[in-house]
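In what follows, a structure is listed as structure tokens, so that the remarks can point back to it.
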Amino acid sequence: MGALAYITALNQALHDEMARDDRVCVFGEDVRIGLTQTTKGLHERFGDGRVVDTPLSEQAFTSLATGAAMAGQRPVVEYQIPSLLYLVFEQIANQAHKFSLMTGGQVEVPVTYLVPGSGSRSGMAGQHSDHPYSLFAHVGIKTVLPATASDAYGLLLSALRDPDPVAVFAPSALMGTVEEVTGELGPVPLGSARIHRAGEDVTVVATGQCVHTALAVAEAMADEVSVEVVDPRTIYPVDWETIRASAEKTGRLVVIDDANRMSGFAGEVLATAAEQFDLVAPPRRVTRPDGAVIPYALVLDQALLPNGDQLTDAIRAVLK
Amino acid sequence: MGAESRAVRLYRTMRLIREFEERCLAMSLTGEIVGGIHPYIGQEAVAAGVCAALTQDDVVASTHRGHGHVLAKGADPKRMLAELLGTTDGLNRGRGGSMHAADVGLGVYGANGIVGAGAPIAAGAAWSFQQRGEDRVAVAFFGDGALSQGVVLEAFNLAALWRLPVVFVCENNGYATSLPVGRALAGDPVERAAAFGLAARAVDGMDAEAVADAAAQAVERCRAGGGPAYLECRTYRFHGHHSYEEQVALNYRDDAEVGDWRARDPLRTQSTRVDEATVRAVDAEITTLIDEAVEFARAGRAPEPHEALDHLYADGTTTRPGVMI
Ligand SMILES: Cc1ncc(C[n+]2csc(CCOP(=O)(O)OP(=O)(O)O)c2C)c(N)n1
């Protein structure tokens with residue numbers, strides 16, 4: 001297939017699925033011109049009725065998508081900023097997510113929440129740099145975090161086809177990256193992990209852009225230790241079987257996750273490992289600090305994000 | 001039955017809601033219905049009048065005080081009461097209860113425990129009807145308290161901007177729990193809605209015929225592509241905000257005020273428009289229906305504890321248990 005840019009992959013998934021299924025429609029701010037690039041060309045191709053520029057009314061258009069989904073559409077809602085999800089947490093966590101159970105299975109709410117550019121955007125400071133996927137996982141919303149272009153394509157496609165609400169977080173650090181893709185693009189099932197690199201001594205579970213950090217560290221440490229890199233790809237539901245098989249094969253586990261430590265995804269992996277996995281050393285995690293708010297100054301921004309040196313130290317620590 | 005007048009149908013719907021609610025209130029006070037209810041008694045003319053203007057294909061999004069809307073839209077009182085008793089025969093298989101009762105097949109997108117939450121959901125359904133060129137209308141019910149929720153005003157704006165076939169029905173019963181509307185709202189709500197470009201008017205919410213006429217006009221306008229409407233129904237609830245109020249003495253309305261509104265009971269008003277024999281026949285019919293509903297609901301089976309998270313995901317995704325040994 002060749003070189004595929006991450007952003008193109010998201011855009012391509014929308015084009016392909018909108019062409020395949022005329023129930024798919026897009027709501028969001030500046031989606032006609034494709035400000036974020038993810039919706040580029042959709043308006044020209046699919047028209048006003050399916051690509052809807054909304055006023056700055058996140059709460060209303062989030063629930064508008066819920067109502068449209070209940071009435072038979074398959075809406076995608078794009079958010080320009082990850083922290084806007086705090087504004088619409090009511091509409092997603094408390095409305096859309098709960099309707100299937102509360103109605104005893106009478107409705108499906110197939111909405112996809114697309115967040116292109118989640119996490120630090122280097123210099124955009126406190127209110128534009130959060131990566132709030134753990135919150136979604138905590139309440140049980142299907143949540144995906146693709147680390148590569150082919151996964152971005154495949155996971156978004158699965159999200160669009162899923163009968164339930166699904167949140168798709170595309171890390172800002174990856175939006176401009178390119179992957180050499182071999183073979184055809186296709187859907188990636190939700191809840192399936194990807195082993196990026198096989199190894200014998202330590203399992204590193206990495207999410208989002210941290211997958212690339214982990215691969216670089218594994219390469220740099222190749223003479224010293226054999227590192228297996230596993231990307232869960234879906235933050236909820238989690239592919240525990242793949243993670244467990246890897247961790248029990250190597251006996252050692254490190255998690256690297258670009259989110260706050262307290263009550264985050266990395267903590268959940270460690271807790272599950274402590275309860276259920278057969279390890280030979282206590283597991284470690286590399287995350288942002290507790291309650292981190294990303295400061296403006298670039299050096300401070302980067303100081304709070306998990307990095308390769310910390311991962312290297314953590315790997316050495318579990319090897320002791 | 002087919003030739004029955006609107007006057008009789010409105011009376012029957014209101015009688016159904018009234019009896020259902022009175023029975024529910026009693027069952028809440030004995031604890032047979034857990035969690036209590038938000039009684040609709042006094043406001044029946046609104047649900048009956050508005051739903052009389054709708055077909056089965058039209059949808060409604062309801063509120064925490066939703067029993068009247070769900071019944072007026074045609075839900076089976078047996079399954080509705082079964083839902084309140086939490087049995088598997090309930091509308092929602094016992095998963096929703098009073099504040100989430102839904103019958104999606106009848107276009108009832110559910111009561112809703114969050115004030116104002118239904119307004120953008122109804123607007124979304126209306127948007128999809130408009131897109132597909134379907135001759136269907138959505139109605140959002142909410143109280144005066146919801147007019148202070150930003151999301152409702154956002155929904156007004158989108159609906160007016162895009163000329164969506166949605167009718168926003170505000171049941172202004174004068175209070176948001178204990179807060180009188182005069183201490184909650186700046187300006188006149190009808191003018192506020194009109195300022196968004198909604199066709200807005202107020203109507204006597206104690207008169208089912210007046211509500212039905214106004215609703216029919218608003219719905220017609222939507223069907224003709226004329227854009228959304230706002231209907232403010234001035235009404236009153238005869239009981240407390242929640243059945244809990246009957247147990248603890250809360251005092252925020254004076255007896256004279258309640259008495260004045262009770263003197264305008266919408267059922268009594270409507271009964272004067274129907275001949276006496278028909279009133280008696282409808283009353284007897286409804287009493288039997290509710291007796292049967294109680295019997296049906298009581299005979300139901302509670303769901304099994306291991307089914308507690310069934311229906312969480314439409315595709316059957318299951319979750320990890322919370323306690324693992
Ligand atoms: C957003 C929100 N805030 C507060 C509550 C708690 N609450 C439930 S009903 C209610 C009063 C609602 O008043 P109104 O909208 O006028 O409807 P009414 O009860 O009069 O039918 C309140 C405060 C809630 N459910 N949702």
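The values are calculated or read from the model by the stated rules, or taken from the named source; none is laboratory data. Keep in mind the model is a prediction, meaning the values are calculated, not measured. Cβ coordinates were reconstructed from backbone atoms using ideal geometry, including for glycine residues, and neighbour counts include every protein chain displayed. The area values use the complete protein model at the heavy-atom level, side chains included, leaving out ligands, DNA and RNA. Shrake-Rupley method; radii C 1.70, N 1.55, O 1.52, S 1.80 Å.
Would you mind telling me the antiparallel percentage of the DSSP bridges in chain A, rounded to 5? Display every interim value, and only then the final one.
Working: 9 of 42 bridges.
Percent antiparallel among DSSP bridges in chain A is about 20.
Would you work out which of A:Met102, A:Gly123, A:Ser57 lies farthest towards the positive end of the dipole of region A:14-124, given +1 charges on the beta-carbon of Lys and Arg and -1 on that of Asp and Glu, about the Cα centre?
Result: A:Met102.
Over the Cα atoms of region B:119-201, compute the convex hull volume and normalise it per residue, giving Å³.
Details: hull volume 6.9 nm³, N = 83.
It comes to 83 Å³ per residue, whole-number rounded.
So for the pair B:Asp254, A:Lys320, with labels modelled 7 Å out along Cα→Cβ, what separation do we get in nm?
My value for the distance between the label points is 7.7 nm.
At 20 °C and a viscosity of 1.002 mPa s, what translational diffusion coefficient does Stokes-Einstein give for chain B, taking Rh as the Kirkwood radius over Cα pairs? Give it in µm²/s as a whole number. It would help to have the intermediate numbers written out before the result.
Numbers: Rh = 20.2 Å.
Roughly 106 µm²/s, to the nearest whole number.
Please work out how much accessible surface B:His239 shows to a 1.4 Å probe, ignoring ligands, DNA and RNA, in Å² rounded to 10.
In the full protein context, B:His239 sits at about 40 Å².
B:Glu285 versus B:Thr272, label points 7 Å from Cα toward the beta carbon: distance in nm?
Inter-label distance under the simple model: 2.4 nm.
Starting from the amide H of A:Ile235, placed 1.01 Å from N in the peptide plane, find each other amide H under 5 Å away whose residue is 5 or more places distant or on another chain.
A:Thr143, A:Val144, A:Leu145
Could you tell me the center-to-center distance, by alpha carbons, between region A:95-138 and region A:1-68 in angstrom?
17
Mind pulling the per residue volume of the convex hull built on the Cα atoms of the protein assembly as shown? Å³ is fine.
Values: hull volume 107.0 nm³, N = 645.
Normalising the Cα hull of the protein assembly as shown by residue number yields 166 Å³.
When we measure straight from the Cα of A:Lys40, which lysines land under 20 angstrom away, once same-chain ones fewer than 8 places off are left out?
Reachable lysines: none.
Size of the dipole of region A:170-231 about the Cα centre, Lys and Arg at +1 and Asp and Glu at -1 on the beta carbon, nothing else charged, in debye to 20?
Computed charge dipole of region A:170-231: roughly 300 debye.
Rounded, prolate or oblate for region B:14-101? Axes are the square roots of the Cα gyration tensor eigenvalues, ordered a ≥ b ≥ c, and the cut-off for rounded is a/c under 1.5.
oblate
Once you sort the root eigenvalues of the Cα gyration tensor of region A:1-130 as a ≥ b ≥ c, which label holds: rounded (a/c under 1.5), prolate (a/b larger than b/c) or oblate (the other case)?
The shape class here is oblate.
Between the helical axis of A:265-276 and the dominant principal axis of chain A, each derived from Cα atoms, what acute angle in degrees is found, rounded to the nearest 10?
It works out to around 60 degrees.
So what does B:Trp261 come to for accessible area, using a 1.4 Å probe and Å² rounded to 10?
70
Give a residue-ordered list of calculated ³J(HN,Hα) values for region A:203-218 (Karplus: 6.51 cos²θ - 1.76 cosθ + 1.60, θ = phi - 60°; whole Hz; x for Gly, Pro).
9, 10, 8, 10, 10, x, 5, 5, 4, 6, 4, 5, 5, 5, 5, 4
Using θ = phi - 60° and the Karplus form 6.51 cos²θ - 1.76 cosθ + 1.60, what ³J(HN,Hα) does each residue of region A:221-233 get, whole Hz, x for Gly and Pro?
Result, ordered by residue: 9, 4, 6, 9, 8, 9, 9, 9, 10, 10, 10, x, 6 Hz.
How do B:His67, B:His241 stack up against each other in accessible area, from largest to smallest, with a 1.4 angstrom probe?
Order by accessible area, largest first: B:His241, B:His67.
Identify the trypsin sites (Lys or Arg not before Pro) of region B:123-186 meeting these criteria: DSSP loop state and at most 16 other C-beta atoms within 10 Å of the C-beta.
Counting only loop positions with at most 16 other Cβ atoms within 10 Å, the trypsin sites (Lys or Arg not before Pro) in region B:123-186 are B:Arg163.
Normalising by the residue count of region A:137-234, find the relative contact order in percent from Cα pairs under 8 Å and 6+ residues apart. Intermediate values should be presented prior to the final figure.
Working: 175 pairs, mean separation 32.4, N = 98.
After rounding, I find 33 percent.
To the nearest 10 degrees, how steeply does helix A:240-250 sit against the main Cα axis of chain A, on a 0 to 90 scale?
For A:240-250 against chain A, the angle is about 20 degrees.
With all protein chains present, how much of the accessible area of chain B (probe radius 1.4 Å) comes from carbon and sulfur, to the nearest whole percent?
51
Between B:Glu134 and A:Val181, what FRET efficiency comes out of the Förster formula 1/(1 + (r/R0)^6) with R0 = 51 Å and r the beta carbon distance, rounded to 0.05? Present the calculation step by step, with values, prior to reporting the outcome.
Details: r = 41 Å, r/R0 = 0.80.
With a Förster radius of 51 Å, E is 0.80.
With a cut-off of 8 Å between alpha carbons and a minimum separation of six or more residues, what is the relative contact order of region A:35-106 in percent?
About 27 percent, as a whole number.
Leaving ligands, DNA and RNA out of it, work out the accessible area of A:Ile243 with a 1.4 Å probe and give it in Å² to the nearest 10.
We get 0 Å² for A:Ile243.
Going by alpha carbons, how many degrees (0 to 90, nearest 10) lie between the helix axis of A:6-20 and the longest principal axis of chain A?
40
For Cα pairs less than 8 Å apart in space and 6+ apart in sequence, what is the mean separation divided by the residue count of region B:40-165, i.e. the relative contact order in percent?
Relative contact order of region B:40-165: 26 percent.
So, in Å, what gap is there between the alpha-carbon centers of region A:202-228 and region A:147-181?
For region A:202-228 versus region A:147-181, the Cα centre distance is 21 Å.
If exposed GluC sites (Glu not before Pro) are those in a DSSP loop with at most 16 other Cβ within 10 Å, what is the longest stretch of chain A that has none?
Segment A:1-183 is the longest.
What 222 nm value per residue comes from the helices of chain A, counting each DSSP H run with n ≥ 4 as -39,500 (n - 2.57) and dividing by all residues, nearest 500 deg cm²/dmol?
Per the formula, -10500 deg cm²/dmol.
Go ahead and estimate [θ] at 222 nm for chain B from helices alone: -39,500 (n - 2.57) per DSSP H run with n ≥ 4, summed, over the residue count, rounded to 500. Don't skip to the end; give the middle numbers.
On the way: 12 runs with 138 residues, N = 325.
After summing the helix terms and dividing by residue count, I get -13000 deg cm²/dmol.
On a straight-distance basis, which lysines could pair with A:Lys98 in a cross-link, Cα separation under 20 angstrom, same-chain partners fewer than 8 positions away excluded?
A:Lys142
Could you give me D for chain A, from Stokes-Einstein at 20 °C and 1.002 mPa s, where the hydrodynamic radius is the Kirkwood radius over C-alpha pairs? Units µm² s⁻¹, please.
Reported coefficient: 108 µm²/s.
Among A:Thr148, A:Leu174, A:Pro163, which residue has its Cα positioned farthest towards the positive end of the charge dipole of region A:141-216, with +1 placed on the Cβ of Lys and Arg, -1 on the Cβ of Asp and Glu, and the dipole taken about the Cα centre?
Of the candidates, A:Pro163 comes out farthest on the positive side.
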